[in-house]
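Participant: First, the structure itself, so that you have it in front of you.
The values are calculated or read from the model by the stated rules, or taken from the named source; none is laboratory data. If you're wondering where the values come from, they're calculated on a predicted model, not measured in any experiment. Every residue, glycine among them, receives a Cβ derived from its backbone with ideal geometry; neighbour counts consider all protein chains shown. To get the accessible areas, we keep the full protein, side chains included, count just its heavy atoms, and leave off ligands, DNA and RNA. Shrake-Rupley method; radii C 1.70, N 1.55, O 1.52, S 1.80 Å.
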Protein chains: 4
Amino acid sequence: MNETAAIVPMRWIGPIRITGNTVNDEVSVPLATFESPLWPSAQRGARLSTAAERGIVATLVDERMTRSILLRADDAPTAHRAVRQLTAEFDRLQAVAAESSRYARLIGFTRQIAGNLLFLRFEFVTGDAAGHNMVTLASDHLMEHILKTIPGVRYGSISGNYCTDKKATAVNGILGRGKNVVTEILLPADTVASTLHTTAAAIADLNVGKNLIGTLLAGGIRSANAHYANLLLAFYLATGQDAANIVEGSQGVTHAEDRDGDLYFSCTLPNLIVGTTGNAKNQGFAADALARLGCREGRAPGDNARRLAVLAAATVLCGELSLLAAQTNPGELMHAHLKYERSTATK
Amino acid sequence: MNETAAIVPMRWIGPIRITGNTVNDEVSVPLATFESPLWPSAQRGARLSTAAERGIVATLVDERMTRSILLRADDAPTAHRAVRQLTAEFDRLQAVAAESSRYARLIGFTRQIAGNLLFLRFEFVTGDAAGHNMVTLASDHLMEHILKTIPGVRYGSISGNYCTDKKATAVNGILGRGKNVVTEILLPADTVASTLHTTAAAIADLNVGKNLIGTLLAGGIRSANAHYANLLLAFYLATGQDAANIVEGSQGVTHAEDRDGDLYFSCTLPNLIVGTTGNAKNQGFAADALARLGCREGRAPGDNARRLAVLAAATVLCGELSLLAAQTNPGELMHAHLKYERSTATK
Amino acid sequence: MNETAAIVPMRWIGPIRITGNTVNDEVSVPLATFESPLWPSAQRGARLSTAAERGIVATLVDERMTRSILLRADDAPTAHRAVRQLTAEFDRLQAVAAESSRYARLIGFTRQIAGNLLFLRFEFVTGDAAGHNMVTLASDHLMEHILKTIPGVRYGSISGNYCTDKKATAVNGILGRGKNVVTEILLPADTVASTLHTTAAAIADLNVGKNLIGTLLAGGIRSANAHYANLLLAFYLATGQDAANIVEGSQGVTHAEDRDGDLYFSCTLPNLIVGTTGNAKNQGFAADALARLGCREGRAPGDNARRLAVLAAATVLCGELSLLAAQTNPGELMHAHLKYERSTATK
Amino acid sequence: MNETAAIVPMRWIGPIRITGNTVNDEVSVPLATFESPLWPSAQRGARLSTAAERGIVATLVDERMTRSILLRADDAPTAHRAVRQLTAEFDRLQAVAAESSRYARLIGFTRQIAGNLLFLRFEFVTGDAAGHNMVTLASDHLMEHILKTIPGVRYGSISGNYCTDKKATAVNGILGRGKNVVTEILLPADTVASTLHTTAAAIADLNVGKNLIGTLLAGGIRSANAHYANLLLAFYLATGQDAANIVEGSQGVTHAEDRDGDLYFSCTLPNLIVGTTGNAKNQGFAADALARLGCREGRAPGDNARRLAVLAAATVLCGELSLLAAQTNPGELMHAHLKYERSTATK
């Protein structure tokens, strides 16, 4: 196994003006991507954020990290009794989890019983770490405790896919996994016209036809957006995240309204799994990026990760708004594509 | 906007023995990832491929790339008539698409009508390119042709999300998008015991409980696997792909059978969007990787991309099998996690 | 097993004015339900249909009935070869299917390969029958033929759930199953105000917030409506249908637009499985209802079933529009609920 | 509107032997259906329940009824503050709900925020009523209270589809709606052979291939069964239920295991919405059926409805097991279909 590296070009976009319950700042953000048109597109969105009175309003709604274990019970009555017993002694579970880590704190659990199969989905806060390893280790401890103290259940799997990590499901959006951030922007009609060359009505209609109905017809699951995945991938790579989490991270909802010509535009991202410590984040380009983003200065555990999630979400809004605006205008797009295609070897 | 780069560590795994309708070879593959445990895990799977009589049997089942446009019709009767007219003059559509590119060839289209909204999903073969830009450009031409020749329809969007690109939906697996590759391996009982420290029955049971039922309970959509996303991300980054396509690429199915103690194990990946030309693939580390993978030598257009898709799918099997085997064994996992955690700053 | 009967109260609603490619008529329709508020609600919608210039415009977009068989192949290469062979000799398959029934005609098939599992989804037209039994019998014949002529495949199941019958999936809307009918109505602003006590804008906004985004957040699959299931159940029971087909029948999309104060309102129902012959439809109340609906007079096979599907879809629009209008108005609903509740024993 | 009735033939199946945390009894159950083959099929399952040592083991895991309201907030920060305020004064919400009904009791609520849209999903226990009307009335009261006390939010809809009633979604199975019942049976190998003419291995394999993988490939959502909808429809009609609730009721999971030749077979039905009072249930055939089922004798509120849910779930297991067994055997099915087809007019 000889080692080398993949080099992904990176640019800083911004500044993006952000206000809200976590970040009140003007911040530039890094995007690492092979798809270079992403940069000017996001940059146009960033420019709009500084044209909006409150900038991008970002609301951190929730945070938690989860792991579901799978147990094999003798039968459903045994599984049901196990759940009741574990619910009754939840503080004991918290103590067990606490032994596994200084940072992971068990805040709840839910269950699914399917026949004799018992899935326990443990929910933690994990400080500034994304928390994949922390919650696995804590779940290992919890598993061991359960196997010792609950009769009639056997080991099934340390991960039962009801977590759910990096798979397209509904559970994360419904029960929560990662940071849940809503971003919104309010743009005057003339800004929409001058910067985006479109109208609020056109964007709202496009969002309904394409993001809501188009994705629905495709059999989409909790997804109504144009390209959250592109923005998240670039942001995650640039900040040393486990970028495979774009699978669930990209399951979000764009909602737009025409308010008498002004544009209300929002991106809801309920499953942002990000951290500012661990793996690639502690040194090299990612550490530099995190420092420059102001994600090294948090006073309380989790402050840095929360800030990072908000920046990711605001970046998504910039790119989503810009692309949707472009897609309302057939001429603009055809021109852009032709220009772009001409410079590639594929034609 | 100052430029720099994200550096993702990369290692070569293998050799992987592959047989089938596209590749018959022993090949090492590159994985670029911040999650270093992925390398030894995939390497264990690779080792198994050389222990299997036919190696990993990889079957390329289909290939096509798609773009759906959105049209706004006067009403559903108008949309319905439009579809009938376009169906009748399909060869004209092919000619229009052919004008846009030397490589993109229109091979079919399907439709969805929702009220007055008309979605046309065009299907192309795109040679060795992943084809995102090619099919957009061809769809631009088709859109222009349709707006000129079909009465009562207006521009809606050059992309109507019924494509579907980088969103978690069902349509790609049902109608096809990208390369559809099935990989299989047959392992003798003693190899399962000696290399994976488990049994065929344990893996088959785990697959049912975790990948099938666990994901189902989570509200998963066409997803039944442990971590295809991890392998695909690392493979895509290492070969210069648009890695946001792991969103749909990771929607695949693991199926395992206990055959009298021997293990039948398969990974089905219906939505692999890969290319060997365009963007990052023509120079630098990705070009080197593609050359070393033998993806520069194809004689017919598409040969290189098909080979790449098969290598990606075989790599996924290596990593999936290894992780599932590990998860059948509580002791092994706890040990691995503890060892891993101890070396990080998160504890 | 002693026999008796469930008696479901039934009323006739209408007349509903319908125009389009299948029905041009004013028709009253029967609704059998225990939920009596459904009648006045649907009746209000019917009244609107006679206020619209073209009435309810109903477009039959497609029709087919399907059954998927499951085969177990030696491996994926065998499954892949089987598909290619069957595709090449499709006319032979048609002949085999034709032997099973005078009415069932095989018009196509699609495949899914997952590891060694091969699903073949056969598509038929079935005349005036819903076709459940016809396509099962034809698939039995096809299965027998395939097992005899294709090496390396074994019987898996006569139904592999990729059909899909009476389960909530995406495949039926994407590939087609049953009748696909789009219904639309255009109402002047003053009619919306006087009859529905609301505005086009309020209905369009409610549809986006509730039917599109609300269902999406719930993890819905190809469903964006308020209560298609209620209308379909009542219509299906009243006409002797297999009412369990409301499961997929109710997977449809409501789309509304505010057109300068006028209301454009549409219901798209891609999976209406109905018949006018077979089981309960040949005698008794259902036969009477079908006769009164004009579903006994079709000249070509399938005419009656197509008419019935269109009537069902138009009925759905009546009830959907009426409920959505009511939900835009908090006062109206609270009043209705209080009035209703007072008459029941549950308070 | 002239009134008449739909007459659905009904037969009693059984006795079914049931044990568990709610019912310990041998009970016959009524099935009203136009599809007569359902009766002998369910009867075969009932016969097996008396052959199993513990009969069908039925575990009631949970019960609740829900309604989600939709509010339009000024923006996401306002929505977020509203949720925090309502969480803090939950006992006040309980008091408001309690004023609306003697039986409905608010036990919790969850939220979704998408941009400025706020969905509150209220959870109630509703005694012996299915509770549709009760929870709507209670939600009306809660809506009024919220609009009065929370600044910056406006009425959106009394039902926001995040409930979710009669639509195919994931939320009900994840958060709970209706009764959650698991039914299990353990059958000795010789009973499987003599009564079902198959083996435990054949049934387990069929369940994986058809119910789990087949439905997954179809883009199914939380559904893995052969025909729960058929059984539920018949049971619901026979007992005067709102049978449109089969849409979510049929979203359940069959899980089977081959235990050294013995068969473990289970049906998990997380969304059974049933009641023993209200509408059709208080008189006529349904009242008679409920009395005969022992669903008039409950001592505590909810006892009757819980018993009914368990009987429904046990009935589903009878029919599901019987059909799956039949589908393992190609000969048996072809014969049955031919016999059945010959007696109809469709051939």
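Participant: Has the stretch C:228-242 got at least one residue that is closer than 21 Å to B:GLY115 by Cβ and more than 10 Å from chain D (Cβ to nearest Cβ)? Step through it out loud before you land on a result.
Facilitator: If we filter the stretch C:228-242 for residues that are closer than 21 Å to B:GLY115 by Cβ, which is where we start, we get C:228-232, C:235.
Retained after the next criterion (residues that are more than 10 Å from chain D (Cβ to nearest Cβ)): C:235.
Yes, some residue in the stretch C:228-242 is closer than 21 Å to B:GLY115 by Cβ and more than 10 Å from chain D (Cβ to nearest Cβ).
Participant: I've got another one for you. Can you name every residue in the stretch D:1-27 that is open to solvent by 40 Å² or more (accessible area, probe 1.4 Å) and not aliphatic (A, V, I, L, M)?
Facilitator: Kept after step one, since they are open to solvent by 40 Å² or more (accessible area, probe 1.4 Å), are these residues of the stretch D:1-27: D:1-4, D:7, D:9, D:11, D:15, D:17, D:21-22, D:24-26.
Correct list: D:ASN2, D:GLU3, D:THR4, D:PRO9, D:ARG11, D:PRO15, D:ARG17, D:ASN21, D:THR22, D:ASN24, D:ASP25, D:GLU26.
Participant: Considering only residues that are within 11 Å of chain B (Cβ to nearest Cβ), crowded, with 19+ Cβ neighbours inside 10 Å, not small (Gly, Ala, Ser) and not in a loop (DSSP other than H, G, I, E, B), which ones fall in the stretch A:142-167?
Facilitator: Filtering the stretch A:142-167 down to residues within 11 Å of chain B (Cβ to nearest Cβ) leaves A:143-144, A:147, A:154-167.
Now narrow it down to the ones that are crowded, with 19+ Cβ neighbours inside 10 Å: A:143, A:155-167.
Next, only the ones that are not small (Gly, Ala, Ser) stay: A:143, A:155, A:158, A:161-167.
Residues satisfying the conditions are A:MET143, A:TYR155.
Participant: Would it be correct to say that C:THR276 is surrounded by 24 or more Cβ atoms within 10 Å (Cβ to Cβ) and farther than 30 Å from A:ASN172 by Cβ?
Facilitator: On the way: surrounded by 24 or more Cβ atoms within 10 Å (Cβ to Cβ): yes; farther than 30 Å from A:ASN172 by Cβ: yes.
Taking the combined requirement at face value, the residue satisfies it.
Participant: Now a separate question. Out of (1) open to solvent by 10 Å² or more (accessible area, probe 1.4 Å); (2) of a type outside the set (Val, Ile, Thr); (3) more than 13 Å from chain A (Cβ to nearest Cβ), what's the single condition that is false for B:ASN133?
Facilitator: With (1) open to solvent by 10 Å² or more (accessible area, probe 1.4 Å); (2) of a type outside the set (Val, Ile, Thr); (3) more than 13 Å from chain A (Cβ to nearest Cβ) applied to B:ASN133, the lone miss is (3).
Participant: Those residues that are within 12 Å of chain A (Cβ to nearest Cβ) and either surrounded by fewer than 20 Cβ atoms within 10 Å (Cβ to Cβ) or β-branched (Val, Ile, Thr) (or both), I need them from the stretch B:291-315; list them, please. Before you say what the answer is, go through the steps one by one.
Facilitator: Step one: list which residues in the stretch B:291-315 are within 12 Å of chain A (Cβ to nearest Cβ), which gives B:292, B:301, B:305.
Passing the criteria: B:ARG292, B:PRO301.
Participant: In addition: If you go through the stretch B:52-71 one residue at a time, how many are small (Gly, Ala, Ser) and either under 12 Å from B:THR315 (Cβ atoms) or modelled with pLDDT under 95 (or both)?
Facilitator: Let us first name the residues in the stretch B:52-71 that are small (Gly, Ala, Ser), namely B:52, B:55, B:58, B:68.
From what is left, the residues that are either under 12 Å from B:THR315 (Cβ atoms) or modelled with pLDDT under 95 (or both) are B:58.
Residues meeting the conditions: 1.
Participant: Could you give me the residue pairs with C-beta distances under 7 Å whose first residue belongs to the stretch D:164-184 and is on the phi > 0 side of the Ramachandran plot and in contact (Cβ under 8 Å) with a residue 24 or more places away in the chain, whose second residue is in a helix (DSSP H, G or I) and of a type in the set (S, T, N, Q) wherever it lies, and which are 6+ apart or on separate chains?
Facilitator: Close Cβ pairs (under 7 Å, with a partner that is in a helix (DSSP H, G or I) and of a type in the set (S, T, N, Q)) amount to D:LYS166/C:ASN230; D:LYS166/D:ASN245.
Participant: For B:THR183, which of the numbered conditions (1) in the same structural domain as B:CYS267 (by TED's automatic domain parsing); (2) part of a helix (DSSP H, G or I) fails to hold?
Facilitator: B:THR183 satisfies all of (1) in the same structural domain as B:CYS267 (by TED's automatic domain parsing); (2) part of a helix (DSSP H, G or I) except (2).
Participant: Could you grab the pairs with beta carbons closer than 6 Å, sequence gap of 6+ or different chains, first residue in the stretch A:42-54 and touching a residue at least 40 places away in the same chain (Cβ under 8 Å), second one part of a helix (DSSP H, G or I) and of a type outside the set (Ser, Thr, Tyr)?
Facilitator: Listed by first residue and then by second, the contacts come to A:ALA42/A:CYS318; A:ALA42/A:GLY319; A:GLY45/A:CYS318; A:GLY45/A:GLY319; A:GLY45/A:LEU321; A:ALA46/A:CYS318.
Participant: Next question, about the same structure. Mind listing just one residue for me: the one in the stretch D:93-130 that is of a type in the set (Phe, Trp, Tyr) and within 13 Å of another protein chain (Cβ to nearest Cβ) and, of those, farthest from the chain's Cα centre (by Cα)?
Facilitator: Here is the first cut: in the stretch D:93-130, the ones of a type in the set (Phe, Trp, Tyr) are D:103, D:109, D:119, D:122, D:124.
Within this subset, residues satisfying the condition of being within 13 Å of another protein chain (Cβ to nearest Cβ) are D:103, D:119, D:124.
Values: D:TYR103: 21, D:PHE119: 24, D:PHE124: 16 Å.
Filtering first and then ranking leaves D:PHE119.
Participant: Against the conditions (1) more than 7 Å from chain D (Cβ to nearest Cβ); (2) over 23 Å from B:ASN172 (Cβ atoms); (3) open to solvent by 10 Å² or more (accessible area, probe 1.4 Å), where does C:ALA138 fall short? Just the number, please.
Facilitator: (3)
Participant: So which of B:THR66, B:THR126, B:THR59, B:THR110 is among the polar types (S, T, N, Q) and farther than 30 Å from A:ASN245 by Cα? Walk me through it before giving the result.
Facilitator: On the way: B:THR66 fails: farther than 30 Å from A:ASN245 by Cα; B:THR126 fails: farther than 30 Å from A:ASN245 by Cα; B:THR59 fails: farther than 30 Å from A:ASN245 by Cα.
Sole residue among the options that is among the polar types (S, T, N, Q) and farther than 30 Å from A:ASN245 by Cα: B:THR110.
Participant: Which condition from (1) surrounded by 24 or more Cβ atoms within 10 Å (Cβ to Cβ); (2) at positive phi is the one that A:CYS267 breaks?
Facilitator: The single condition A:CYS267 does not satisfy is (2).
Participant: OK, next. Of B:ASP128, B:ASP74, which residue is among the acidic types (Asp, Glu), in contact (Cβ under 8 Å) with a residue 24 or more places away in the chain and either closer than 30 Å to B:SER266 by Cβ or open to solvent by less than 30 Å² (accessible area, probe 1.4 Å) (or both)? Give the steps one after another, and end with the answer.
Facilitator: Working: B:ASP74 fails: either closer than 30 Å to B:SER266 by Cβ or open to solvent by less than 30 Å² (accessible area, probe 1.4 Å) (or both).
Every option except B:ASP128 fails the conditions.
Participant: Let me ask you something else. Tell me whether the stretch D:258-265 contains one or more residues that are at the interface with chain A (Cβ under 10 Å from one of its Cβ atoms) and touching a residue at least 40 places away in the same chain (Cβ under 8 Å).
Facilitator: Step one: filter the stretch D:258-265 for residues at the interface with chain A (Cβ under 10 Å from one of its Cβ atoms), giving D:264-265.
Filter once more, keeping what is touching a residue at least 40 places away in the same chain (Cβ under 8 Å): D:264-265.
Within the stretch D:258-265, one or more residues are at the interface with chain A (Cβ under 10 Å from one of its Cβ atoms) and touching a residue at least 40 places away in the same chain (Cβ under 8 Å).
Participant: Would you confirm, using the coordinates I've provided, whether B:TYR264 is under 23 Å from B:GLY20 (Cβ atoms) and either acidic (Asp, Glu) or over 12 Å from the mean Cα position of the chain (by Cα) (or both)? Working first, answer last.
Facilitator: Working: under 23 Å from B:GLY20 (Cβ atoms): yes; either acidic (Asp, Glu) or over 12 Å from the mean Cα position of the chain (by Cα) (or both): yes.
Yes; evaluated as a whole, the condition is true for this residue.
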